[in-house]
Structures are given as structure tokens and as C-alpha cells.
Amino acid sequence: MSGEVKAIFEPKSVVLVGASAREGVGAASPVFFGSLVHNTLHFFKGKTHVVDFSGRLNGSVKNLSEVPSGCDIAVIVLPPKLVMKNLRKLFARKVKSMVLVAGGFDQHQLEELTRVAAKQKVRVLGPNVLAGVINTAKGLCITLEREIMPPCGGIAMISQNCAVGTAMLDRACSYSAGVSKFASIGGGADITETDLLEFLTQDKETKVICIYLESVRDGRRFLESIREAVQKKPVVVLKGSTVREGVERDRIFVSALKQVGALQVSDIEELLSVADALAKQPCMRGNRVAVVTNVSGPAVLVADVLSREGLALAKLSNKVTKKIIQTYPNTSIADWVDIGIDANGDRYKFVLEQVLSDSGVDGVVVVNELKSTFLKLEDIQEVAKAAKKSEDTPVIDIVMCGKDCVLVREKLRGKDVCVYDSPRKAARALCALCSYGKTLKRFGK
Amino acid sequence: MIELAAAKKNVTGILSSIRKEGRLELTELDSKRVLAAWGVPVNRTELARDLSEAVKVAREIRYPLVLKIASPDIIHKNEAKGVKVGLTSELELRQSFGELIDNVHAYKPDAKILGVTIQEYLPPAREVIVGALQDPSFGATVMFGLAGVWAEVLKDISFRLAPLNAEDAREMIQEIKGYPVLAGIQRAPPADINALVDIIQKVGQLAHEFPEITEINLNPIFAFDDGKGAVTADARIVLGRGK
């Protein structure tokens, strides 16, 4: 099954079919067709063909028959009537897969379409796919939105809704969280969340899979696919539609996900902050977290939220404590490690090395306060270095001040460290690392 | 589990005879027959159609006893004042029998009354609920909680999809907020968790094997102290319209 979905994610050639001079404001409008052509010509590393029924776009051809046979994806930006009218011609070009941007197909049209597609062995994504498919490594960006191409990375995203999917992509861009692949399902006439999940489980570039769901068709098969997936990589689910489906059904869904080892989040923000940590950091073997900070006040809040989330404060061993005190006698080591407002990069480096060598530490939270301290933006590089070096203990960073956090994130862009602007987000990320550690243990990995 | 094929055959037989009578809601007695056939422990429960039968059955089961109205039209037996718990003598039984039937007549004059059930009395224990339903997306699902306010008002319940392994069932029990009550508070010994794990698994298996069962509710189950088992004191099973 996943082999067939491959053409959608890893095309060598793409044909975009639309009409640049149509009247209309729907998904198949010329504006969106223009954006799609722009995105593909701008980013895509493979071969792009453009069929413009209006015959106006530069470099386009007017007839489907002028496109070479055997393209991997045909992206159709036409209203249902025109899609159905050209169906035969489309399949005659022997495309391997198809993305249907427009919605509004009636039941009869959909049945006809899926019947012919199945006969020709063409997989169909959609209809109603406004934010379609992204593969950052290949520069594939089948979306109707410009400037939504996220950086390369390990997070894969599946969304049952285009607008939520777009918001996920936008967050990934602003978090500078790297994305491997993205697909939204739209109407789901053929390709389902389970097909995509199975493909992404095998995908080497994907380190964590995020899914936005409202409902599931083949529920049992979907859950079995998650059970398979989590043995290789974490799966994070954001579930919508509690109001529509009722609290009890939602609780059943939550329990079912827990049973198969998926992680659950409550909003897009949390989805990204958790996924970023899972993609960049090792999971936790236990729940003991060491807090290293240059100011004590924020550490109080961090400690509180860690305990609320079911995590424990690590107690450093005598040996490690002694070593730190010998080198930096003013360090205060109790519930957290306060290295003082005069701490610089070197001190962070040394203390983090010691803390990470302690077997009683399962995870580390670093708090950087830039305001009214002697810490410089440059010094925070040491946290990123420690995070990269640490192979079996995650290190994550909290910058309490909003503007400073943006600066730090910018400074550490592309590094394997996660920077959060609130203790709660950091704690949720650590919880995810902790529960994925448990899941792996449960499956004997 | 007692031999699956035989158990399935027994349950299929009971369910089809219920359908033949044109009913979808099983009485307590029917429900307990299904559960017993499936290997779920239930307290001994016998139907007595009149007073003389009641006296006879009571001598067999022995006092103390529980007396409950047997009517397919009465779902909430307590609300109809159709339950007497802890009858200690034949004299009490004779008095209660008529009283029970009068109460139910007053509550619902047109209720069809089959008689009463005479039931083995269970000593006080911690009371829990195990239920099952068919979720539209995921199919057979089991539910667990502490009986009464805990489950019904505080919604302190947990769910898992069926069939489920013992580890999942144990997690379900530990997941509820009221778990310390079962683990043992104020020097109380723990309840028989293993017996509950077994019931949860069996109820899940029953819902999984019989998708035509849309609802199972074992409420309450008496969970005795560790090693002393757990017994279903009341139960209700509902069938779907199809099939």
C-alpha cells in the first residue's frame, strides 16, 4: 500500500493542470492556480509541466495531450465538472497519482472518479485539498499558499483539515522546526490517514509523525498502524471534534490512542513544541529532571510545573555536586542548580557536562535569563552544544522573556536544541519524551 | 477462559431465544445467565414465579437472601422499590414478597411481572462497575469505575478497546482517580485486583465476540479483599436492532 502512496511524496515529475483565466473564487480559482505554479517552479527539484486550459501562463501548454506520459503526480486545479469532463484525457497520460484541489464533487462523481482511478491503479489525494503535499528534501510544495515552505527536518505532518494543516505548517516555520513531509487528506475519497501513516512509518527522513484528526474511518486498522509506527518513531495526535462527537466518545478515543502508544496533545502550539523535542532529542528513561538556571525565581515556576505534570526533580549525586562546587563555589545546589547571575558560557558548559554525567538524571531543563544578568546571547550556544552531544539524556532550553526567546531561537536556528518560551511548554515536551521512553520499553525496544 | 467454542454456543443460544421473544433488553436473570455462560462470576440468582416457589428456592439458596422484582419492564429496580436486601427468615420473605409486587404495581401499573428473583446475599465489599459498548469508530470498548457517585457523578471511569490483555486491564483499574480505594486506604487490605482484571478481560471479549451486544453493564460488582474474588451482583445486557 505505502509503495503506491510513494508517488505522492517522492515524485520525479509533476504536472499542474488548471485554467489561469477562469472566473471564480473557489479552490480552483486562477489565483490559487498561480500560487501553485509559483511554488512548484520555485521550490521543486524535479520536472514540472504546466497545463493551462486558458493558454496564458508562460511555459505552459494548452492541451493535456502535450504533456509527456507517466508523470508521478497530476495536481488538478479545476472545478468538479471540468475534472469529470477531462477524466479520460487525464488517465490517458498515465499519471501515477492525482491531487484534487477543488471540493464540491457529488457522490456520483466521486464514485465514478475512484472507480476509474482504482482500475488504472492511480492513487487519489482529495478532493478538497488546498494545502496538499510537501516534501522539503525534494522541494515539493503542492499548496495554494505562498511562503509556507518549512525548513527541512524530522517532523512529518498529516492533517484531515487543510486550514489546520496550514496552521501547523505556519507554526513549524515560526518555530523553525524542521519538517520532512506534509499531507492533508481533504475529502479522503481514496488515500486515508492510515495510508499516509504507513508510508511515513517507513520513511527514513521522518523522525516523528504528527496527525490532526477529526474522525477515523477504519478505526481498528488505523490503531494497528499506530501500534506498528510507535515501535519505530513517536506518533503525536491532535484530536478535534470533541464537541460534535461528545465527551464519552472522545474519552474512548483518548484511551484507544494510549493503548496503542500514541501521544496526545491539546492544541497546535503544543503539537509543535512536543514534536520539535521528539524530533531533536533522545527520549527519557525515567522521570527525573535536573534544572540548571542562572536565576532562581523562574526555577521555582519550572519546578512547580514539572511536578504538576508528573515529573520529579533529580537529586544530583554527591560526586557531581562536589565537582561543581569545587570549580564554582557560589553555585547553589538544592532542588535546582543555580549557577548565578554572573554565569557565562563556560560555566554553563562545565555544569551541564557534570549534570549530564549523573546517572540519576533522566532529562535536563536549562533556564537562561538574559535580562539583568551577565549572560550573553552568544553564551547560549553552549546549551545547544551540550544538547547535541548528549546521546541518551534530553536537554531543553527555556527563555522566560518573549522577545529574548525569539532572539535565542534565531541564534540557535538549525541546531538540535529546543527552545521554549514557557515552563509549561517545556514540561509538556519532557512529558512526551518520558512517555515515549515508556512506550519503547513496553514494546521491548 | 472456559472453552471458547462451547461458551460461544451457549451465549448464542441464550441471545437468540431472547430475540425470538421479540426482546432487545435482557432481564437481570438473562444477563446473569449470559455472563455465567461466559465464565464471569455472578451471585446465585433464581426466578420464583409465586410465593411457594420463592419459599422453596430460598430454602435451597439459604438465608440471608436478596429479593428483587423480575420484570422486563422495570429497569431501575431500586427506583420502583423492587429490591429487598438481607432477608434473614422465611417470615420476612413471606412479608416482603407481596410488598415488593405491590410497590412495583404502584410504580408502573402495566408492568409485566414474571415474579421475583431470589439471590444469594453478598457480604459488604468495595463495589465497582464494568461495562462495554460498541464505539462507531473502534467497535468493542470496555469501561471500568467505582460504583455509585464515583462513576455516575464524577465520571471517574476509564476505557480500553477490547479485546485487551491483562496489563491493559490493570492499567484501566489504576488509571481512575479512586484507585487508592481499591489499593487499600486506612489500613484496609487491597481489593482482589486480579479478579477484576479477569472480569474486565472477559466482558471485553464478550463484547468483541458478539458485536450484536450494544451494551453490557455489570453494576455493581462486589470486589472482595485480595484473594477472595469478585462477584457480579446486578447486570444488564442490551442487544442491537440488527441481525
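Applying the condition of being at pLDDT 90 or above and within 11 Å of the chain's Cα centre (by Cα) to segment A:173-194 and asking which residue is surrounded by the most Cβ atoms within 10 Å (Cβ to Cβ) yields A:F182. Taking A:G286 as the residue in question, decide whether it is touching a residue at least 60 places away in the same chain (Cβ under 8 Å), within 14 Å of chain B (Cβ to nearest Cβ), part of a loop (DSSP other than H, G, I, E, B) and not β-branched (V, I, T). Answer is no for this residue.
Applying the criterion of being within 21 Å of the chain's Cα centre (by Cα) and among the β-branched types (V, I, T) to the residues of segment B:42-63, the residue that is surrounded by the fewest Cβ atoms within 10 Å (Cβ to Cβ) is B:I61. Taking A:F105, is it modelled with pLDDT under 95, in the same structural domain as A:V25 (by TED's automatic domain parsing) and more than 25 Å from A:L140 (Cα to Cα)? Taking the combined requirement at face value, the residue satisfies it.
Is segment A:59-72 home to any residue that is in the same structural domain as A:R146 (by TED's automatic domain parsing) and modelled with pLDDT under 90? Talk me through it step by step, then tell me what you get.
Of segment A:59-72, the ones in the same structural domain as A:R146 (by TED's automatic domain parsing) are A:59-72.
Next, from what is left, pick out any that are modelled with pLDDT under 90: A:59.
Taking every residue of segment A:59-72 in turn, at least one turns out to be in the same structural domain as A:R146 (by TED's automatic domain parsing) and modelled with pLDDT under 90.
What are the residues in segment A:1-41 that are of a type outside the set (V, I, T), assigned to a helix (DSSP H, G or I) and either surrounded by 23 or more Cβ atoms within 10 Å (Cβ to Cβ) or without any contact (Cβ under 8 Å) to a residue 60 or more places away in the chain (or both), if any? Break it down into steps so the answer makes sense when it comes.
Filtering segment A:1-41 down to residues of a type outside the set (V, I, T) leaves A:1-4, A:6-7, A:9-13, A:16, A:18-24, A:26-30, A:32-36, A:38-39, A:41.
Now drop any that are not assigned to a helix (DSSP H, G or I), which leaves A:2-4, A:6-7, A:9, A:30, A:32-36, A:38-39, A:41.
A:G3, A:F9, A:P30, A:F33, A:G34, A:L36, A:N39, A:L41, listed by residue number.
Checked against the criterion of being farther than 27 Å from A:K323 by Cα and assigned to a loop (DSSP other than H, G, I, E, B), segment A:417-432 contains one or more residues that satisfy it.
Output yes when any residue across segment B:167-189 is within 23 Å of B:E3 (Cβ to Cβ) and aliphatic (A, V, I, L, M), and no when none is. The answer is yes, given that some residue of segment B:167-189 is within 23 Å of B:E3 (Cβ to Cβ) and aliphatic (A, V, I, L, M). Within segment A:325-347, the set of residues being out of contact with any Lys or Arg (no Cβ under 9 Å at 6 or more places or on another chain), over 17 Å from A:V289 (Cβ atoms) and buried (at least 17 other Cβ atoms within 10 Å of the Cβ) comprises A:A343, A:R347.
Considered as a group, the residues in segment B:144-162 that are within 11 Å of chain A (Cβ to nearest Cβ) and farther than 13 Å from B:Q174 by Cα include one that is modelled with the lowest pLDDT, and that residue is B:K155.
Listed here are the residues, each with its yes/no results for (1) in contact (Cβ under 8 Å) with a residue 40 or more places away in the chain; (2) surrounded by fewer than 21 Cβ atoms within 10 Å (Cβ to Cβ); (3) of a type in the set (V, I, T).
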| site | (1), (2), (3) |
| --- | --- |
| A:V61 | no, yes, yes |
| A:V83 | no, no, yes |
| A:L100 | yes, no, no |
| A:D106 | no, yes, no |
| A:Q109 | no, yes, no |
| A:V116 | no, yes, yes |
| A:V124 | yes, no, yes |
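Of all residues in segment B:104-124, those being among the hydrophobic types (A, V, I, L, M, F, W, C), over 27 Å from B:F224 (Cβ atoms) and either in contact with a strand residue (DSSP E or B) (Cβ under 9 Å, 6 or more places away or on another chain) or within 14 Å of chain A (Cβ to nearest Cβ) (or both) number 4. Picking from residues in segment B:125-143 that are without any contact (Cβ under 8 Å) to a residue 60 or more places away in the chain and in contact with a strand residue (DSSP E or B) (Cβ under 9 Å, 6 or more places away or on another chain), the one that is farthest from the other protein chains (Cβ to nearest Cβ) is B:M143.
Any residue at all in segment B:208-221 that is surrounded by 19 or more Cβ atoms within 10 Å (Cβ to Cβ) and within 14 Å of chain A (Cβ to nearest Cβ)? Don't jump to the end; show me each part of the working.
As a first pass, look at segment B:208-221 and keep what is surrounded by 19 or more Cβ atoms within 10 Å (Cβ to Cβ): B:208, B:210, B:213, B:216, B:218-221.
Now drop any that are not within 14 Å of chain A (Cβ to nearest Cβ), which leaves B:208.
Checking segment B:208-221: at least one residue is surrounded by 19 or more Cβ atoms within 10 Å (Cβ to Cβ) and within 14 Å of chain A (Cβ to nearest Cβ).
Filtering segment A:245-283 to residues that are of a type in the set (A, V, I, L, M), touching a residue at least 24 places away in the same chain (Cβ under 8 Å) and more than 19 Å from A:T194 (Cβ to Cβ) leaves A:V265, A:I268, A:L271, A:L272, A:V274, A:A275, A:A277, A:L278, A:A279.
The values are calculated or read from the model by the stated rules, or taken from the named source; none is laboratory data. Please read these numbers as outputs of a predicted model, since none were measured by experiment. Heads up, the Cβs are rebuilt from the backbone with ideal geometry, glycines too, and the neighbour counts pull from every protein chain shown.
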